[in-house]
Amino acid sequence: MDIVANEQSIPRLHLVGTLVIVITLTLSLGAFFLWRSNAEQHASLERIAESVNALQESRLRSEMEAASSYIEFTRQRTQDVLRRSIRDQVDTAMQITQSIYQREITSKPANEVKRSIVEALRNVRFYEGRGYYFIDDLNGKFILLPTAPQFEGKTNLDNRDDRGHFIMRGLIEAAQKPDGEGYSSYRWYTPDKPKLMDDKLAYVRLFKPFNWLIGTGDYTYKWEQMQKLEAISRLRSQRFGMSGYIGVMDADGRMLLTPSDPDKEGSYYQDFGAVKRSALERIKETAALGGGIVHYQWTSSDGTQKYAKTALVRSVNTWGWTLIVTIKDDELQGALNQELSHLSDSANQHLGQLMVAMLIALTAGLTASYAFAKWSGTLFVKFHSEMAEKSRVIEESESLFRAVFNNAAVGIAQVSPAGTFLQINQYFCNLLGYTRDEILNQGVGFQHITLDEDLAADQQQVARMLAGDSNHYQVEKRYIQSRANRFGSVCLRICFAMLAVRQCIL
């Protein structure tokens, strides 16, 4: 659609254009600030999520350190607990021996007293039946050996374990210490696997009246098992948060502790459901690589619910355990939701403020644009009126000039600096005998119609005007007519008006 430019359309176009620019700029700025607000909100969400994850991992690491420290403490005290226990057992044996000795030594022969002591200790059992008392003399003779009575009365200083350690010699050396008591470590056949030996710790004390060493001992792995059970019991009760607990897997993948599925304790991870099996496989792989954080899916004990969990995994190399400190991912959801709610409220408040600011800016911009358009429109109308008046005056002046120019009783012409006629009135054409078209359209100049004898003076005056030495001149010269008497001449006095002269110069 063509637009007509006039005093009505141009102010309207100006107003419309200004309003479009204001609205576009306002909306663009609003969109930019809205985008920046959303970007800041997204960054805040990421920071909150990172903070929550860091807090959760920090809690897991804290619980892991506590559990690991307790396990290490429990493991290290295995020897101390065993030492105290076997010493207490020997104390009991020594009390029995002293009591029998003091009661019978004055009334019975020494051999009978010895026999009474041996028989009194023979059937005593402890440590779930595997613990017993033994008696040897300082020469290496077996006085009491309940597990192998056929060796009683025989001497064997050279009996060794599967690592070459002299068992009897070690016990005698312990009893011959200045205090008459001591510990000795060796390996002996286990009740679980009679053909295999395992580490055993014995404590002996010297009974000086008969030069006997009375002692007992137990297998260290049994006490480690008891310490493990104690550790498991302690870890089972260790909870944190609403869903945090500790799990334990042994080196073979058997779950020793899984509070979420206590009925599965003792089962291998392959026996769990698909979801849990996959999670435990990842945990086992992570432990093999040195431990770390594992994110996984878990299900409730009845399998009806599925939720995300995060665990910190670490290997306890001494016992071959994999320690699993785990918690549900939504444990901190309450705090996270609170932060998100606060962030959302803040974002909504900022959005409201932005919308108000945009509305104010848009209103102010539209008002200012409308006022400016009205003011500039008034100026444009005034300018248009003034230009129209000037055009009217010019047109009237031009009409007056043409009336005077065309109807004058003298010849008037407008000549270019090169001498070509630009305008010429009819009176002048009649004098020369040319039509107006012949002079104007054929490029006739004053040089062509001026007599040669008069041409030099005329050109000299023109040159002075072009040089700025004068702004008018007066000359008498002769023109060559085109009709009637072609070879005649006529003498005319031509006076160029100042206006014509100036137009020629311009």
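The values are calculated or read from the model by the stated rules, or taken from the named source; none is laboratory data. Everything quoted here is computed from the prediction, not taken from an experiment. Cβ sites come from the backbone with ideal geometry, for glycine too, and all protein chains shown count toward neighbours. These accessible areas exclude ligands, DNA and RNA; they are computed on the full protein's heavy atoms, side chains included. Shrake-Rupley method; radii C 1.70, N 1.55, O 1.52, S 1.80 Å.
If the condition is being of a type in the set (D, E, K, R) and within 60 Å of the chain's Cα centre (by Cα), then the range 76-99 contributes Arg77, Asp80, Arg83, Arg84.
Those strands (runs of 3 or more DSSP E) of the range 221-322 in which at least 1 residues are in contact with a Lys or Arg (Cβ under 9 Å, 6 or more places away or on another chain) and hydroxyl-bearing (Ser, Thr, Tyr), considering only elements entirely within it, cover 245-249, 292-299, 306-316.
Table: residues versus (1) at pLDDT 95 or above; (2) closer than 18 Å to Met197 by Cβ.
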residue: Arg122; (1), (2): yes, no
residue: Arg130; (1), (2): no, yes
residue: Tyr133; (1), (2): yes, no
residue: Asp136; (1), (2): yes, no
residue: Ala148; (1), (2): no, yes
residue: Asp162; (1), (2): no, yes
residue: Ala174; (1), (2): no, no
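Residues that are closer than 14 Å to Met168 by Cβ, out of contact with any helix residue (DSSP H, G or I) (no Cβ under 6 Å at 6 or more places or on another chain), part of a strand (DSSP E or B) and open to solvent by 30 Å² or more (accessible area, probe 1.4 Å) do not occur anywhere in the range 122-140.
Scanning the range 207-217 for residues that are surrounded by fewer than 21 Cβ atoms within 10 Å (Cβ to Cβ) and either in contact (Cβ under 8 Å) with a residue 60 or more places away in the chain or touching a strand residue (DSSP E or B) at 6+ places or on another chain (Cβ under 9 Å) (or both) yields Phe207, Pro209, Phe210, Asn211.
Going through (1) open to solvent by less than 20 Å² (accessible area, probe 1.4 Å); (2) under 30 Å from Met64 (Cα atoms); (3) of a type in the set (D, E, K, R) one by one, Arg234 falls short only on (1). Residues in the range 182-205 that are under 25 Å from Asp91 (Cβ atoms), open to solvent by less than 40 Å² (accessible area, probe 1.4 Å) and not β-branched (Val, Ile, Thr): Gly182, Ser184, Tyr186, Lys200, Leu201, Ala202, Tyr203. Checked against the criterion of being under 21 Å from Tyr219 (Cα atoms), of a type in the set (Gly, Ala, Ser) and assigned to a loop (DSSP other than H, G, I, E, B), the candidates Gly164, Gly153 yield just one match: Gly164. Within the range 431-438, is even one residue among the aliphatic types (A, V, I, L, M), outside any helix (DSSP H, G or I), closer than 27 Å to Ala403 by Cβ and modelled with pLDDT of 80 or more? There is no residue in the range 431-438 that is among the aliphatic types (A, V, I, L, M), outside any helix (DSSP H, G or I), closer than 27 Å to Ala403 by Cβ and modelled with pLDDT of 80 or more. I'd like the full set of residues that are in a helix (DSSP H, G or I) and loosely packed, with under 13 Cβ neighbours inside 10 Å, limited to the range 89-114. Those that are in a helix (DSSP H, G or I) and loosely packed, with under 13 Cβ neighbours inside 10 Å: Asp91, Gln95, Ser99, Gln102, Arg103, Ala110, Asn111, Glu112.
Checked against the criterion of being at pLDDT 75 or above and assigned to a loop (DSSP other than H, G, I, E, B), the candidates Ala357, Ala409, Ala368, Ala364 yield just one match: Ala409. Inspection of the range 33-44 finds no residue satisfying the criterion of being at pLDDT 75 or above, closer than 30 Å to Ile327 by Cβ, among the hydroxyl-bearing types (Ser, Thr, Tyr) and out of contact with any Phe, Trp or Tyr (no Cβ under 9 Å at 6 or more places or on another chain).
Of all residues in the range 241-280, those being crowded, with 20+ Cβ neighbours inside 10 Å and modelled with pLDDT under 90 number 0. Of the residues that make up the range 206-215, is at least one of a type in the set (A, V, I, L, M, F, W, C) and within 21 Å of Glu63 (Cα to Cα)? Checked the range 206-215: no residue is of a type in the set (A, V, I, L, M, F, W, C) and within 21 Å of Glu63 (Cα to Cα). Being of a type outside the set (Gly, Ala, Ser) and more than 22 Å from Ser482 (Cβ to Cβ) is a condition met by no residue of the range 440-451. Any chance you could count how many residues in the range 374-431 are open to solvent by 70 Å² or more (accessible area, probe 1.4 Å), touching a residue at least 12 places away in the same chain (Cβ under 8 Å) and aliphatic (A, V, I, L, M)? Within the range 374-431, residues that are open to solvent by 70 Å² or more (accessible area, probe 1.4 Å), touching a residue at least 12 places away in the same chain (Cβ under 8 Å) and aliphatic (A, V, I, L, M) number 4. Residues in the range 52-84 that are modelled with pLDDT of 85 or more, touching a Ser or Thr at 6+ places or on another chain (Cβ under 8 Å) and within 20 Å of Phe240 (Cα to Cα): 1 in all.
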